[in-house]
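The values are calculated or read from the model by the stated rules, or taken from the named source; none is laboratory data. Quick caveat: nothing in here was measured; it's all calculated off a predicted structure. Quick reminder, even Gly has a Cβ in these numbers, built from the backbone with ideal geometry, and neighbours come from all protein chains shown. What goes into the accessible areas is simple: the full protein's heavy atoms, side chains included, and nothing from ligands, DNA or RNA. Shrake-Rupley method; radii C 1.70, N 1.55, O 1.52, S 1.80 Å.
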Protein chains: 2
Amino acid sequence: MVLYLIGLGLADEQDITLKGLRAVQSCSKVYLESYTSILLVDDFKARMEALYGQPVTLAHRETVELEADDILRGAYEGNVAFLVVGDPLSATTHSDLILRARHYQAPGASEPTPVSVKIIHNASITTALGSSGLAGYNFGQTVSIPFWTDDWRPDSWLARIGENMNLGLHTLCLSDIKVREQSIEDMSRGVLRYQPPRYMLLPQLIAQLLAAAREHQVDFLDPERTLAVALCRMGADDSATRRGELVRAGTLADMLACTEPDEAQRRQDEQDDEAFEEAHPTVSEKEMDARREARRVQRAIAFWGEPLHSLVLVGRQLHPMEVEYGQSLALPGSRWAEVARDVYGVH
Amino acid sequence: MVLYLIGLGLADEQDITLKGLRAVQSCSKVYLESYTSILLVDDFKARMEALYGQPVTLAHRETVELEADDILRGAYEGNVAFLVVGDPLSATTHSDLILRARHYQAPGASEPTPVSVKIIHNASITTALGSSGLAGYNFGQTVSIPFWTDDWRPDSWLARIGENMNLGLHTLCLSDIKVREQSIEDMSRGVLRYQPPRYMLLPQLIAQLLAAAREHQVDFLDPERTLAVALCRMGADDSATRRGELVRAGTLADMLACTEPDEAQRRQDEQDDEAFEEAHPTVSEKEMDARREARRVQRAIAFWGEPLHSLVLVGRQLHPMEVEYGQSLALPGSRWAEVARDVYGVH
């Protein structure tokens, strides 16, 4: 029988292909991989079950790593679908499962009994980046920007952006996703409890880019001189609960300005915080930081909408057509065209 | 109303998404872009019409360039679908149509009447390359390898491959497609007649890579020391008339060896050619060259199957898991693992 790895595409249950749907409906067991990306609709599990007419089992990282043999035994006995948001092989996360299938030996079998694997590809953010209007040929390596913490600030991605920029190439920056993460406190106490999911939003992604650029004193990332295209919720339709796709172009500074509070708002925030501290005299600095962070998240979502957010950094190999397309996506008041002309030299 | 740009995905009419299908079925006019790629099944137009329940109009390059206003007027008055094999924006070929839609002014209107554009993404070769088992993060810029002729041998792609290789990155090489091309003779005589479609096959692609490497004396492409993964007909099912997807790994020399005639075959070919020349004493050298070329094409298809063929060149940033995955795809007798160890230094 067959282990199908099926891409779900970008946004909702309607993004599956007809071939993918037909394959799912031939399966006796359906897993949904739920740790590398998310669908952009609420209740997606229920929506998928309604569409496929069969139950869907959420597969967490530990399910796949620890129970791979169960999944493969299922695929040895009947068809099994393993659904992945986006393309099933955009990341190599699932290569291991495929290799195990190729080396599978059924319980009691005296020799290998490989399980057939069939991959049904679909759109992922690496295809959707065409919506930036930037030419696919001029993209270099893709980077992932992980959440920084107080004492862990990985930034090896900066060198990779620099390599792309040196060649004049665009860079797709993917923002971090943290699903079913445990806190260090819980882990050290042996408590199995998951943190709420966290998705990096554009302002934080850009802030980390610029902080790393300052720390390493590189010249290829500059708020006023680096152009970018924001890709938010690619493929999403407008709906009651979440906003549709949003694609906007500008300098990094233009993008940050969209969610920065003005002077009056800043004063209002401070007054709110002071009032809160007076009303709660035992509040810790950590709790106050969480309040400020929640406010930043709220402002980010108010402008850019719900996650997932990605960002394309624009390299110097820029064509006038790409500039014109970007202009049609430019943020109000953006310096897109000016910087394209004066810094990138495209007329 | 809406101009839908809808990706058809990789191989056949079943690769459209449910969202794409629903959009097509809402349209009063359906165009199929037919000059940047092909579906991998025969009679795809008839199959699509049967699936959608409505006629499909083939849009050639000149249709889109010259009749864009007709397409846009249709989309101003009702929904129009513009179908593209793969992802609609993998190349920027269609950016111009989108920009025109954003600036559209209906006949008789006193001000712009922009046409809404909605893009429905889908898998393309840039997503399907995950099937190589190589990590998406380690790919550099993509290159296209155009057919060489006697007096036109463009090779600017070699420098781009070199840039990727210097950074240790993998390179996706796309092979040339020539659809509805006119011969220089016909053009100079003013005869509107199209050459049969031509698709570059793997042996020719590899031969051009190696010829350019020799001419420019670069060291990053070597038949015995460069690893590659061939991606043929990605997403295609087996069918009566065409073969299914084929993914194989090896050195460039391993790949060339698969279609090179052995000594006995070579002698047989020469005897056939001599017999043909005796039977047709007026045959020109050009006709004899065409005969030899047809034989090479036949051998290429016998081993690698019908087009489309793409090739991934493997860079030095290679992970043991990628090597193991490649080993599961290796051509019989291939030196994949040996070269990964001795040249790429991966154990």
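Tell me, what is the per residue accessible area of the protein assembly as shown in Å², probe radius 1.4 Å? Please report the intermediate quantities before stating the final value.
Numbers: 31640 Å² over 694 residues.
In whole numbers, the protein assembly as shown has 46 Å² accessible per residue.
Counting protein heavy atoms only and a 1.4 angstrom probe, how many square angstrom of accessible surface do chains A and B bury in total, to the nearest 100? Working shown, then result.
Values: alone 18100 and 18140 Å², together 31640 Å².
It comes to approximately 4600 Å² buried between A and B.
Quick check on the stretch B:133-182: what does the Kirkwood estimate of hydrodynamic radius come out to from the alpha carbon pairs, in Å? List each step's numbers first, then the result.
Values: mean 1/r = 0.0810 Å⁻¹.
So the Kirkwood estimate lands at 12.3 Å.
Please give the FRET efficiency for residue A:67 paired with residue A:106, using the beta carbon to beta carbon distance and R0 = 25 Å, rounded to the nearest 0.05. Could the numbers behind the result be given before it?
On the way: r = 16 Å, r/R0 = 0.64.
The value I calculate is 0.95.
Does any residue of the stretch B:102-129 lose at least 50 Å² of accessible area with all protein chains in place compared with its chain alone, and if so which ones (probe 1.4 Å)?
Output list: B:102, B:121, B:127.
Only Cα pairs under 8 Å and at least 6 apart count here; give the relative contact order of chain A as a rounded whole percent.
Details: 580 pairs, mean separation 61.8, N = 347.
Once normalised by length, the contact order is 18 percent.
Compute the accessible area of each residue in the stretch A:163-186 twice, once for its chain alone and once with every protein chain present, using a 1.4 Å probe on heavy atoms, and list those whose area falls by at least 20 Å².
Buried-area filter returns A:163, A:167, A:169.
Rolling a 1.4 angstrom probe over the protein chains, ignoring ligands and nucleic acids, what is the accessible area of residue A:254 in square angstrom, nearest 10?
Counting only protein heavy atoms, the figure is 30 Å².
Which aspartates and glutamates have a Cα lying under 12 Å from the Cα of residue A:45, excluding residues fewer than 8 positions away in the same chain?
A:12, A:13, A:33
At 1.4 Å probe size, with the rest of the protein present, what percent of the exposed accessible area of chain A is carbon and sulfur atoms?
On the way: 7800 of 15800 Å².
About 49 percent, which is the carbon plus sulfur part of the accessible surface.
Could you work out the local net charge near residue A:22, counting Lys and Arg as +1, Asp and Glu as -1, over the other residues with Cβ closer than 14 Å to its Cβ?
Around residue A:22, the charge tally is -2.
Using only the alpha-carbon atoms, how far is helix B:156-166 inclined from the longest principal axis of chain B? Give it as 0 to 90 degrees, nearest 10.
For helix B:156-166, the angle is close to 70 degrees.
Taking the Cα-to-Cβ direction at residue A:328 and at residue A:219 and moving 7 Å from each Cα, how far apart do the two end points lie in nm?
Going by the 7 Å Cα→Cβ label model, 3.5 nm.
Under 10 Å, Cα contacts only: if you run a Gaussian network model on chain A, which one of A:167, A:221, A:209 comes out with the highest mean-square fluctuation?
Of A:167, A:221, A:209, the most mobile in the Gaussian network model is A:167.
Provide the three semi-axes, in whole Å and in decreasing order, of the ellipsoid equivalent to the stretch A:122-262 as defined by the square roots of 5 times the Cα gyration tensor eigenvalues. All intermediate terms of the calculation are to be shown ahead of the outcome.
Numbers: eigenvalues 142, 90, 50 Å².
Working through the eigenvalues yields semi-axes of 27, 21, 16 Å.
Evaluate the stretch B:222-347: find the radius of gyration of its Cα atoms, find its Kirkwood radius, and give the ratio Rg to Rh. Can you show the working numbers first?
Working: Rg = 18.3 Å, Rh = 16.7 Å.
Ratio value, two decimals: 1.10.
Which of B:179, B:80, B:283 moves most in a GNM of chain B, Cα contacts under 10 Å?
B:283
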